[in-house]
Amino acid sequence: MVFLLQSLINGLLIGGVYALVAMGLNLMFGVMKLVNFAHGEFLMAGMYAAVLLAGLGVPAGFWGLYWVALPGAFLMGGLGCAVYLLLLRRAAAFGEAAQILLTVGLSLGMQGAAQVLAGSDFRLVPNPINGAALRLGGVTVQIGPLVAFAVALAVTAAMAWLLGRSWFGRAARAVAEDIALAQALGVDARRVFLMTAALAAGLAGLAGALIIPYHYTFPNVGQSFVIVAFLAIVIAGLGNVLGAVLGGLLLGMVQSVTASYLDLDLSTAAIYVLFLAVLLLRPQGLFTRRARTV
């Protein structure tokens with residue numbers, strides 16, 4: 001029983017990072033109808049930005065290391081705005097195929113830029129929490145993933161308020177439902193898209209900055225996270241931003257339990273099996289109601 005509980009806790013902790021990445025990815029799809037294949041590279045860039053900040057005199061103590069997450073998220077939010085204004089806004093006029101090709105190319109370009117600027121070496125920021133853990137009975141909780149999970153919960157609560165009660169949430173829902181009607185009612189769709197791009201990239205950058213205390217940084221690091229995030233949003237339901245959080249947590253637990261009871265190499269296969277099962281049995285997603293047909 002303790003072994004199972006340990007596996008579930010480990011899965012929840014890594015699932016918190018998946019949730020942050022999946023939330024931004026699903027937000028872009030829900031509002032902009034864009035599948036961003038470069039989303040993982042914003043996480044990678046957030047990790048490098050946090051590593052750079054940590055090396056420029058930011059205090060390397062426990063809270064000093066996590067302080068870099070805030071400017072890292074803002075930097076990635078600014079990068080998301082720039083990418084939207086310079087690339088995505090223009091590509092929208094040429095349809096979905098152009099957007100897919102653009103984001104795939106952007107992904108490869110950002111990975112190449114990271115290799116040129118930072119090299120291909122694996123980097124880990126020296127910090128006081130490497131290996132630090134809390135022991136509660138027979139269960140061990142790693143400090144680094146626990147902090148990332150706690151922040152993910154706080155961000156989820158903030159996003160729930162933002163999407164449910166703020167002007168942006170109402171405008172985003174209107175644009176997602178019918179952009180022409182929303183604009184006729186006075187909603188600035190471009191402003192909504194710009195804020196959506198900034199939020200999505202900022203969430204990815206925040207996730208990247210939160211995991212640098214215990215995860216190596218390298219140019220292709222975003223790929224493993226974004227693949228799981230894609231599976232999470234399909235399992236949760238495309239466009240269901242908060243459901244993506246549950247999808248990320250679920251996949252984290254499935255990976256952890258599979259690795260603990262079967263084999264580490266089967267943990268990725270297990271989430272693909274779950275993904276296929278959801279597509280076959282509930283294609284609208286586990287946390288989305290089936291749309292009514294007229």
**Study point:** Residue that is modelled with the lowest pLDDT, among those in the range 255-272 that are among the β-branched types (Val, Ile, Thr) and within 18 Å of the chain's Cα centre (by Cα)
**Key:** Thr268
**Study point:** Answer from Leu70, Leu4 - the residue that is part of a helix (DSSP H, G or I), under 16 Å from the mean Cα position of the chain (by Cα) and either surrounded by fewer than 17 Cβ atoms within 10 Å (Cβ to Cβ) or at pLDDT below 90 (or both)
**Key:** Leu70
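This table checks each residue for (1) at pLDDT 90 or above; (2) surrounded by 14 or more Cβ atoms within 10 Å (Cβ to Cβ); (3) farther than 22 Å from Ile14 by Cβ.
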site: Gly105; (1), (2), (3): yes, no, yes
site: Met110; (1), (2), (3): yes, yes, yes
site: Leu117; (1), (2), (3): yes, no, yes
site: Ala154; (1), (2), (3): yes, no, no
site: Trp161; (1), (2), (3): yes, no, yes
site: Asp178; (1), (2), (3): yes, no, yes
site: Leu181; (1), (2), (3): yes, no, yes
Check your understanding: Taking the condition at pLDDT below 90, buried (at least 18 other Cβ atoms within 10 Å of the Cβ) and touching a strand residue (DSSP E or B) at 6+ places or on another chain (Cβ under 7 Å), does Gln99 pass?
Key -> no
**Study point:** Meets criteria (more than 12 Å from the chain's Cα centre (by Cα) and either buried (at least 24 other Cβ atoms within 10 Å of the Cβ) or of a type in the set (Asp, Glu) (or both)) for Ile233
**Key:** no
Practice item. Kindly indicate whether Leu106 is farther than 21 Å from Ala45 by Cβ and under 22 Å from the mean Cα position of the chain (by Cα). Key: no
Review point. Among (1) buried (at least 17 other Cβ atoms within 10 Å of the Cβ); (2) part of a helix (DSSP H, G or I), where does Tyr214 come up short?
Key: (2)
Review point. What is the number of the single condition among (1) modelled with pLDDT of 95 or more; (2) touching a helix residue (DSSP H, G or I) at 6+ places or on another chain (Cβ under 8 Å) that Ala82 does not meet?
Key: (2)
Practice item. Looking only at the range 256-283, count how many residues are within 21 Å of Asn240 (Cβ to Cβ) and assigned to a helix (DSSP H, G or I). Key: 10
Review point. Looking at (1) of a type outside the set (Gly, Ala, Ser); (2) without any contact (Cβ under 8 Å) to a residue 60 or more places away in the chain; (3) in contact with a strand residue (DSSP E or B) (Cβ under 8 Å, 6 or more places away or on another chain), which is the only condition Gln6 fails?
Key: (2)
Check your understanding: Do we have Ala244 as hydrophobic (A, V, I, L, M, F, W, C) and either under 16 Å from Glu41 (Cβ atoms) or outside any helix (DSSP H, G or I) (or both) here?
Key -> no
Check your understanding: Does Leu286 count as modelled with pLDDT of 85 or more, part of a helix (DSSP H, G or I) and not polar (S, T, N, Q)?
Key -> no
Point to revise | Residue satisfying all of: in the range 217-241; among the polar types (S, T, N, Q) and assigned to a loop (DSSP other than H, G, I, E, B); farthest from Gly169 (Cα to Cα) among these | key: Asn220
Exercise for review: Name the residue, out of Phe230, Phe275, that is under 27 Å from Tyr48 (Cα atoms), hydrophobic (A, V, I, L, M, F, W, C), at pLDDT 90 or above and touching a helix residue (DSSP H, G or I) at 6+ places or on another chain (Cβ under 9 Å).
Suggested key: Phe230
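The values are calculated or read from the model by the stated rules, or taken from the named source; none is laboratory data. Since we're looking at a predicted model, the values are computed, not measured. Note: ideal-geometry Cβ built from the backbone for every residue, glycine included; neighbour counts use all protein chains shown.
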